[in-house]
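**Q** Got a structure for you, questions after.
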Protein chains: 2
Amino acid sequence: MAEPTASPPDPGFGERLIEAVAAHGPLCAGIDPMPALLERWGLPDDPSGLAAFCSGTLEAFVGTVGVIKPQVAFFERHGSAGFAVLEELVAEARRSGLLVIGDAKRADIGSTAQGYADAWLGDGPLGVDAVTAVAYLGLGALEPLAEAARAHGRGLIVVVRSSNPEGRGLQESVDRQGLSVEDALMAELARANAAERAAGRRLGSLGAVVGVTQGPWRLPLGEFGGPILAPGVGAQGATPADVGAVFGDCAAGSVVVNASRSLLEAGPRPPALRAAAEALREELAAALA
Amino acid sequence: MAEPTASPPDPGFGERLIEAVAAHGPLCAGIDPMPALLERWGLPDDPSGLAAFCSGTLEAFVGTVGVIKPQVAFFERHGSAGFAVLEELVAEARRSGLLVIGDAKRADIGSTAQGYADAWLGDGPLGVDAVTAVAYLGLGALEPLAEAARAHGRGLIVVVRSSNPEGRGLQESVDRQGLSVEDALMAELARANAAERAAGRRLGSLGAVVGVTQGPWRLPLGEFGGPILAPGVGAQGATPADVGAVFGDCAAGSVVVNASRSLLEAGPRPPALRAAAEALREELAAALA
């Protein structure tokens, strides 16, 4: 993966993440309008239901958390009308001062990767603060996204160690240098972040998804130098104590812990949802202190 | 990955692919409205330009090829308005008898993978004949997509050996059983296809993306038993002769070879684009005969 050539404009996504966590704690609230939650909230499984779900979550989360993560699949299943709701959510959330991580897990090469960069890390209607991606085609193939992230003050968050058990076989496979897939990816991201930090940023623009469920990593995560998005707390079984065990060495403000289903089940009433988010936020902040 | 439990409804995607290739040859025409091509065609880089591009390609390709592959990223970069154009393209192409492979390379787990299955392999506005996916989180994580494909007569085409050089390090990494990532994935897909074929289908519903650019595989591709989508011809440097060398052993009608940029540069006039598709189609058919 190429190293950044120009001095980056500030603030980058990393800087903005550090500030968001300082102000509101390390909880990233998932916005997952899946059919089961729509039903639980008494909403129809259609674009109008999505819109009402998004309004309810924003009412609860603005001022309570610093970062939200809409799960794109649950908008995509409603086609272009679902994407129109996502565009509204992104615009309203960013106007309200929330950082938005688009959980899209996009993956491609060359001009197509540039297409995804234009979609998610530019000024178009889906432009978010950071987007998730998958590197099966090599981290180098994602370079157009990485470059867009660095140039536009956005983040690219690559799935490195996923929270689900089915991913272990692939992610633990070993390359010719003797590095596991996940170790090699993490090292390559850390190198790119180090170059960006040398150019003056506190945290690089290239993040990693690191599941809490796999336990502590033998890698020194404290030296990663980029944002970490940590899924696995709640419905997938990990606890705030696990978060402390895995990420205790990481730089302040560099880790956000996602909760989706377990949190959203506290709705649909915004006060109840807000109270659940406040409680989890405090637990996570204590675990990472 | 779970094996299918119920006897599948016919025809499955594999059966329909065999018929499409028998009628129109093994060319899969990419629909890639990237900025450079829109400019070359004299079209604006906005949803109206996309719509005109799609009209032109359909006019050239209906009756000329059996399969088209819209590249989702180039619609996504225009947000919900771009997806509305993609919905129109998919509907019109399927009404015209074309098989549509949505090149989305989606990747996720659990209820989110189910969300992508709902989006692409159901009867919603983006419902296509087959969708591409990426298995960094494990093939088992894609089971909701595989199950939807089998149950609804659709295809799930997983990127196994990509056409770009940056993917080799990861895809050649070796698991605990001594299998490379790509060999392990291919074997797992072949097992699921074998079960489906035992239930009466000529070809299973789980396909693989296998780049032509990496040369012949030591795996016996002829035993794969599912659809193969082969990128790499044209702009990426592979030739029809390479196609014959890599896929010569595969079952008749199981391989479609994608061409996008190199083909679309023959436009914008539909007759010129059609002539280019006819010529390439014949070259590929001869290479695979």
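**Q** Averaged over B:161-169, how many beta carbons belonging to a partner chain fall within 10 Å of each residue's beta carbon?
**A** Taking the mean over all residues of the peptide, I get 6.
**Q** Which order do peptides B:200-211, A:198-209 fall in by mean Cβ count within 10 Å, highest first?
**A** Values: B:200-211: 25.2, A:198-209: 23.2.
Output ranking for B:200-211, A:198-209: B:200-211, A:198-209.
**Q** Would you grab the residues whose amide H sits under 5 Å from the one on B:GLY155? Only those 5+ places off in sequence or on another chain, please, with H modelled 1.01 Å from N.
**A** B:ALA130, B:VAL131
**Q** Two decimals, Cα atoms only, Kirkwood Rh: what is Rg/Rh over segment B:176-277?
**A** Values: Rg = 15.8 Å, Rh = 15.0 Å.
With Rh from the inverse mean 1/r over Cα pairs, Rg/Rh is 1.06.
**Q** Nearest 500 deg cm²/dmol is fine: what mean residue ellipticity at 222 nm does the protein assembly as shown get from its DSSP H runs of n ≥ 4 alone, each adding -39,500 (n - 2.57), divided by its residue count?
**A** Numbers: 24 runs with 256 residues, N = 578.
Calculated at 222 nm, the ellipticity per residue is -13500 deg cm²/dmol.
**Q** Which distances in nm, rounded to one decimal and ordered from shortest, link the label point of B:GLY237 to the equivalent label points in the other identical copies, with labels set 7 Å from Cα toward Cβ?
**A** 4.5
**Q** Now, a different point. Taking the alpha-carbon distance from B:LYS69 and a cut-off under 19 Å, which lysines remain once sequence neighbours fewer than 8 residues away in the same chain are dropped?
**A** Here the lysines satisfying the reach criterion relative to B:LYS69 are B:LYS105.
**Q** List the residues, sorted by chain then number, that are 5 or more residues from A:ILE31 or on another chain and whose placed amide H is less than 5 Å from its amide H.
**A** So A:ILE31 has HN proximity to A:LYS69, A:GLN71.
**Q** Just order A:184-191, B:269-276 by mean Cβ neighbour count inside 10 Å, highest at the front, would you?
**A** A:184-191, B:269-276
**Q** Cα gyration tensor of segment A:1-117, axes a ≥ b ≥ c as square roots of the eigenvalues: rounded (a/c below 1.5), prolate (a/b > b/c) or oblate?
**A** oblate
**Q** Given H placed on each backbone N at 1.01 Å, which residues far from A:SER163 in sequence or on other chains put an amide H within less than 5 Å of it?
**A** Those qualifying (amide H under 5 Å, at least 5 residues apart or on another chain) are A:GLY211.
**Q** Next question. Tell me the angle of helix A:79-95 to the major Cα principal axis of chain A, expressed in degrees between 0 and 90 and rounded to the nearest ten.
**A** With rounding to tens, the tilt is 80 degrees.
**Q** Based on the mean of other Cβ atoms within 10 Å per residue, sort peptides A:172-178, B:28-34 so the most packed one is first.
**A** Order by mean packing, descending: B:28-34, A:172-178.
**Q** Relative contact order for chain A: what is it in percent, counting Cα pairs under 8 Å that are at least 6 residues apart?
**A** 24
**Q** Then there is this: From the backbone phi of segment B:143-154, what are the Karplus-calculated ³J(HN,Hα) couplings (6.51 cos²θ - 1.76 cosθ + 1.60, θ = phi - 60°) in whole Hz, Gly and Pro given as x?
**A** Using θ = phi - 60°, the values come out as 3, x, 6, 4, 5, 4, 4, 4, 6, 10, x, 10 Hz.
**Q** At B:GLY42, label 7 Å along Cα→Cβ: distances to the other copies, nm, ascending?
**A** Values, ascending and in nm: 5.9.
**Q** Oh, and also: If you restrict to DSSP beta bridges whose two residues both lie in the protein assembly as shown, what percentage is antiparallel, to the nearest 5?
**A** Counting only bridges with both partners in the protein assembly as shown, antiparallel ones make up about 5 percent.
**Q** Take segment B:80-206, drop everything but the C-alpha atoms, weight them equally and run the Debye formula without solvent; then report log10 I(q)/I(0) at 0.17, 0.18, 0.21 Å⁻¹ to two decimals.
**A** -0.93, -1.02, -1.24
**Q** Using the alpha-carbon atoms, what tilt in degrees (0 to 90, nearest 10) does helix A:13-24 show relative to the longest principal axis of chain A?
**A** For A:13-24 against chain A, the angle is about 40 degrees.
**Q** Sticking with this structure for a sec: Tell me, what HN-Hα J-couplings in whole Hz come from the Karplus equation 6.51 cos²θ - 1.76 cosθ + 1.60 at θ = phi - 60° for each residue of segment A:132-142, using x for Gly and Pro?
**A** Working through the residues one at a time gives 8, 8, 10, 10, 4, 8, x, 5, x, 5, 8 Hz.
**Q** With equal scatterers on the alpha carbons only and no solvent term, can you work out the Debye log10 of I(q)/I(0) for segment A:16-288 at 0.08, 0.10 1/Å?
**A** -0.30, -0.47
**Q** Further, regarding this structure: More than 29 angstrom separation, counting every C-alpha pair in the protein assembly as shown; what % is that?
**A** In whole percent, the share of Cα-Cα pairs in the protein assembly as shown beyond 29 Å is 52.
**Q** Now, a different point. Apply the Karplus parameterisation 6.51 cos²θ - 1.76 cosθ + 1.60, with θ equal to phi minus 60°, to every residue of segment A:263-273 and state each ³J(HN,Hα) to the nearest whole Hz, in sequence, with x for glycine and proline.
**A** Going residue by residue, I get 7, 5, 5, 6, x, x, 5, x, x, 5, 5 Hz, with x marking Gly and Pro.
**Q** Shortest first and in nm to one decimal, what separations exist between A:ALA275 and its copies in the other chains, measuring from label points 7 Å along the Cα-to-beta-carbon line?
**A** For A:ALA275, the other copies' label points sit at 7.4 nm, shortest first.
**Q** Might you report the magnitude of the Cβ-based charge dipole of segment B:13-288 about its Cα centre, with Lys and Arg at +1 and Asp and Glu at -1, to the nearest 20 debye?
**A** Details: 22 positive and 32 negative charges, 71 e Å.
Taking the Cα centre of segment B:13-288 as origin, the dipole is about 340 debye.
**Q** Per-residue Cβ counts within 10 Å, from other chains only, averaged over B:81-88: what number is that?
**A** 4
**Q** Let me ask something else about it. Taking every DSSP beta bridge with both residues inside chain B, roughly what % is antiparallel (nearest 5)?
**A** Counting DSSP beta bridges with both partners in chain B, the antiparallel share is about 5 percent.
**Q** Counting only other chains, what is the mean number of Cβ atoms within 10 angstrom of the Cβ of each residue in peptide B:132-143?
**A** Average per residue, whole number: 6.
Each reported figure results from applying straightforward, stated rules to the coordinates on display, with no laboratory input. These numbers come from a predicted model, not from an experiment. Positions of Cβ are backbone-derived with ideal geometry, glycine not excepted, and every protein chain shown enters the neighbour counts.
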